[in-house]
Amino acid sequence: MRLEVLGCHGSETLTTRTVGFLIDDELLLEAGTAASVLTLERQRKIDNVIISHAHLDHIKDLPFLVDNRIGETDRSITVFAIDRVLEDLRQHLFNDSIWPDFTRIFNGKTPLLRFERLRPGECTQIGDFQITPHAVSHVIPSVGLLLRKQGRALLYTGDTCATEAIWEAARNVPELSAVLIEASFPEGMKHIAEVSGHMTPSMLLQDLRKLNRPEVPVYIFHMKPNYEQAIVDELRLELGGRLHVLQEGDIIQL
Ligand SMILES: [Zn+2]
Ligand SMILES: [Zn+2]
């Protein structure tokens, strides 16, 4: 698997972008950043998008990604997400008020936008990928997921604070080759992390103990730009060379 980091921060600035990962040029994991950094040609290759939860930093580029497909023949973008996320997208975004309801606008015989439901704990096949979402602990319903393809597996937490199910699911996956885990705030902001459903370094380290796979590399994302250096310094002390700090433009081969 080839994972390209389009955006990996918890907010947008001149040099940081919100969350979006492009896998094998075709599967978009989160849509916080996509249309704003990809050429139209590269956007055309994306047919499937997975959204963990409906917060703006994970959906912001979706309206433009779909809009840029108007006029293509018989091609849809399919969004895979849990029920609550699909409801929120229908009700608050693609509602013919904020943006058109693209599920009712067609390219030929095909709607521009389709919604497919993910169910926590159940595996869904998306092209060559097997995706199993698991509920995580955020301020709104949200999932992390195990993503498998051709004998490799990736664990992605989405936005979460201390959580359980996803670690249990991943602990005994022998082909697990990387953990992408959010790290939003430094330790001194633990109160804000707790009320907003995010990780600090100590919470992250405690959750990695639940996974109990010390050989698996750890990639952090969703750092709040103001506090990135503090977060990295605190984690580096404990994780050393196991820690990788994702940056926009990175490409990871798994
Ligand atoms: Zn969130
Ligand atoms: Zn977020």
Label model pair K109, D83: point-to-point distance (7 angstrom along the Cα→beta-carbon line) in nm is 3.1 nm
Amide H contacts under 5 Å for R17, placed H, 5+ residues apart
C8, H9
Tell me which lysines have Cα within less than 30 Å of K60's Cα, excluding those fewer than 8 residues away on the same chain?
K45, K109, K149, K190, K224
Let me know the charge dipole size of the chain about its Cα centre in debye, to the nearest 20, where only the beta-carbon of Lys, Arg (+1) and Asp, Glu (-1) is charged.
420 debye
Give the long-range amide H neighbours of S184: residues separated by 5 or more places, or on another chain, with amide H under 5 Å away, using H modelled in the peptide plane at 1.01 Å from N.
M199
What distance in nm separates the simple spin-label points at D74 and E122, each placed 7 Å from Cα in the Cβ direction?
2.9 nm
Net charge near D159, counting Lys/Arg +1 and Asp/Glu -1 over other residues with Cβ under 9 Å of its Cβ?
-2
With x for Gly and Pro, the residue-by-residue ³J(HN,Hα) of region 211-225, computed from phi through the Karplus equation 6.51 cos²θ - 1.76 cosθ + 1.60 at θ = phi - 60° and given in whole Hz, is 5, 6, 10, x, 7, 8, x, 10, 10, 9, 8, 6, 5, 6, x
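Per the helix-only calculation at 222 nm, which mean residue ellipticity applies to the chain, given -39500 (n - 2.57) for every DSSP H run of n ≥ 4 and division by its residues, nearest 500 deg cm²/dmol?
Calculated from helices alone, the mean residue ellipticity at 222 nm is -6000 deg cm²/dmol.
A short reminder: the numbers here are calculations on the coordinates, not readings from a lab. Bear in mind that the values here come from a model prediction, so they are computed numbers and not experimental data. Cβ atoms come from the backbone with ideal geometry, glycine included; neighbour counts cover every protein chain shown.
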